[in-house]
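A short write-up of the structure that comes next.
Derivation of every value follows stated rules applied to the coordinates shown; laboratory data play no part. Keep in mind that this is a model prediction, so the values were computed, not measured. With ideal geometry, Cβ positions are generated from the backbone for all residues, glycine too; neighbour counts draw on all protein chains shown.
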Amino acid sequence: MLLSRRTAIKGLLATGVGALTGVTAYGTAYERHRIGITAVSLPVSGLPPALEGLRIGFLTDIHHSRTVPADDVTHAVQLTLADRPDLIVLGGDYVTFGDRAYVGPVAELLAPLHASHGVFAILGNHDDDRDMPAALMAQHIEVLKDARTRLDIRGERLELAGVRFWTRRMEDMTRVLRKASDTVILLAHDPRRLVEAAALNVPAVLSGHTHGGQVVLPGVGAVARRRFPILAGRGSREKTEIFVSRGIGTVYVPVRINCPPEVAMVTLTRRSSI
């Protein structure tokens, strides 16, 4: 039986204390706050030529809490705005364990985000279905809860389809994507939705949830790697491409090792037919 991510991370940090003390101290005091910009190209099947080069700012797994301070969130927002993406996507898990004390504050910290084609959000497993989306919408951020929106960009149409973390069944995914006639990007907090996306011929997926493993030890790797088709970065299944972000915050333990937080700048490209 596989260990849960929480148990595995805590267990690894509790063993070999002497050897890990320095690394853990670095991961706690420095690396988890070292947010950077990751530039990535995402090939999209059927992307209209006019949409090639469209840039999406992607922020996910913020986990604003006692251990993920407002300064980190503000820094991530500033990095995003400085890169001037065409649109912005928020990938869920804005707080930890649905802590309502941080729901309003994190929405206010994200309020400065703006882009010429809008700011869109989905919900993660740490977000509730009522207060978190209401707080985001109060800041003029459009929340896609098992819903699609159509954007008119450069004379072409692009559809964003957002699903909640708990939307997993094929019939529910099919319902969200039914009658989509334009290029669709699926926004799914959990990268395991790549399986359903590929079966439904969705050309591209943006996900988070994994934190990139959060703790990646030399010779061991990330403890969560077996649970997900892609732990971080780009991957594919059949004709569907996915990008999984390491995210911004931390969960369970306030540490990152060999897995710095990131704001992703995703540039859409046309996928070769070869």
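Less than 5 angstrom separates the built amide H of His126 from those of Asp93, all sequence-distant by 5 or more or on a different chain. Farthest toward the positive end of the dipole of the stretch 5-270, out of Ala111, Val95, Ile153, is the Cα of Val95, where the dipole comes from beta carbon charges about the Cα centre.
Summed over qualifying helices (DSSP H, 4 residues or more, each -39500 (n - 2.57)) and divided by its residue number, the chain shows a 222 nm mean residue ellipticity of -7000 deg cm²/dmol.
Given R₀ = 25 Å, what would the calculated FRET efficiency be for Ser272 paired with Glu156, taking r from the Cβ atoms and rounding to 0.05? With a Förster radius of 25 Å, E is 0.80. In the chain, the DSSP beta bridges split such that about 35 percent are antiparallel, to the nearest 5.
I need the peptides 132-138, 208-214, 111-117 ranked by packing, meaning the mean over residues of other C-beta atoms within 10 angstrom, with the highest value on top.
Ranking the peptides 132-138, 208-214, 111-117 by packing returns 208-214, 132-138, 111-117.
Report, in debye and to the nearest 20, how large the dipole of the chain comes out about its Cα centre when Lys and Arg carry +1 and Asp and Glu carry -1 on their Cβ.
On the way: 33 positive and 27 negative charges, 168 e Å.
Taking the Cα centre of the chain as origin, the dipole is about 800 debye.
The rule of thumb for compact globular proteins, 2.2 N^0.38 Å, goes into the C-alpha radius of gyration of the chain 0.97 times. As a proxy for reagent exposure, ranking Tyr252, Tyr102 by other Cβ atoms within 10 Å from fewest up yields Tyr252, Tyr102. Scoring 70-76, 257-263, 34-40 by mean Cβ neighbours within 10 Å over their residues and listing the highest first yields 257-263, 70-76, 34-40. Between His75, Ala198, Ile62, the Cα set farthest toward the positive side of the dipole of the stretch 5-270 (charges on each charged residue's Cβ, about the Cα centre) is that of Ala198.
Put simply, when 192-204, 228-240 are sorted by average Cβ atoms within 10 angstrom per residue, most first, you get 192-204, 228-240. In terms of its Cα atoms, the stretch 107-174 spans 34, 31, 12 Å along the principal axes, sorted from long to short. Model label sites at Thr149 and Val220, defined 7 Å from Cα along the beta-carbon direction, differ in position by 4.1 nm. Applying 1/(1 + (r/R0)^6) with R0 = 41 Å to the Cβ-Cβ distance of Asp83 and Arg130 gives a FRET efficiency near 0.80.
About its Cα centre, what dipole magnitude does the stretch 213-274 give when the only charges are +1 on Lys and Arg Cβ and -1 on Asp and Glu Cβ, stated in debye to the nearest 20?
Using Cβ point charges on Lys, Arg, Asp and Glu, the stretch 213-274 gives about 180 debye.
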